[in-house]
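Every read-out reported here was derived from the displayed coordinates using simple, explicitly stated rules and does not represent laboratory data. Treat the numbers as computed from the prediction; the structure is a model and nothing was measured. Quick reminder, even Gly has a Cβ in these numbers, built from the backbone with ideal geometry, and neighbours come from all protein chains shown.
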């Protein structure tokens with residue numbers, strides 16, 4: 001009986017630990033900036049509003065997936081940012097505020113800046129270790145596509161892909177400079 005009770009308690013504690021680790025460690029933008037001073041990581045910013053149904057669906061589904069949780073916590077400081085919040089936010093020594101703090105649905109300048117004025121919710125901004133924006137994602141995302149994005153940017157594959165593209169473009173430019181211009185590509189008028 002003692003063995004069964006021990007096994008039950010042991011199994012319950014494992015289940016409890018798994019549940020604790022199965023959530024994203026959300027922080028404020030201020031907490032992320034402070035943490036960056038000692039342990040630089042990329043920042044994932046979830047830009048949401050209180051009235052956004054798809055934002056709530058992300059919270060209830062995709063953001064609860066174990067793979068998304070693992071990749072998010074491993075590679076990013078995860079920040080939830082209400083794009084209509086009233087509080088002033090200091091980011092990179094610049095104060096951002098809500099354009100209409102007394103009214104309904106006033107846009108916060110931090111969200112406006114991250115999204116280049118393309119206000120769509122939910123949206124997500126990814127910042128590198130220097131707190132520069134590297135990518136913006138708009139709309140609800142299923143688990144697999146979001147996990148793929150988190151891995152692509154979290155493991156710096158995007159830099160390798162960028163370097164590959166630059167190399168390909170350079171090679172194409174060298175080819176085009178080394179070959180004579182064909183008559184089809186010549187922009188000079190035909191002389192008759």
### Task
Treat the count of other C-beta atoms within 10 Å as a stand-in for reagent exposure and order 51, 26 from fewest to most.
51, 26
### Query
Which semi-axes, in whole Å and largest first, does the equivalent ellipsoid of the stretch 23-170 have when worked out from the alpha carbon gyration tensor as the square roots of 5 times its eigenvalues?
25, 18, 16
### Summary
Taking a ≥ b ≥ c as the square roots of the Cα gyration tensor eigenvalues, with a/c under 1.5 meaning rounded and otherwise prolate when a/b beats b/c or oblate if not, the stretch 109-162 comes out oblate
### Task
In nm, give the distance between the simple-model label positions of residue 70 and residue 113, each being 7 Å from the Cα along the Cα-to-Cβ direction.
3.6 nm
### Query
So what is the relative contact order of the stretch 50-188, in percent, for Cα pairs below 8 Å that sit 6 or more residues apart?
22 percent
### Message
Looking at the stretch 23-170 only, what percent of DSSP beta bridges run antiparallel? Nearest 5 please.
### Response
60 percent
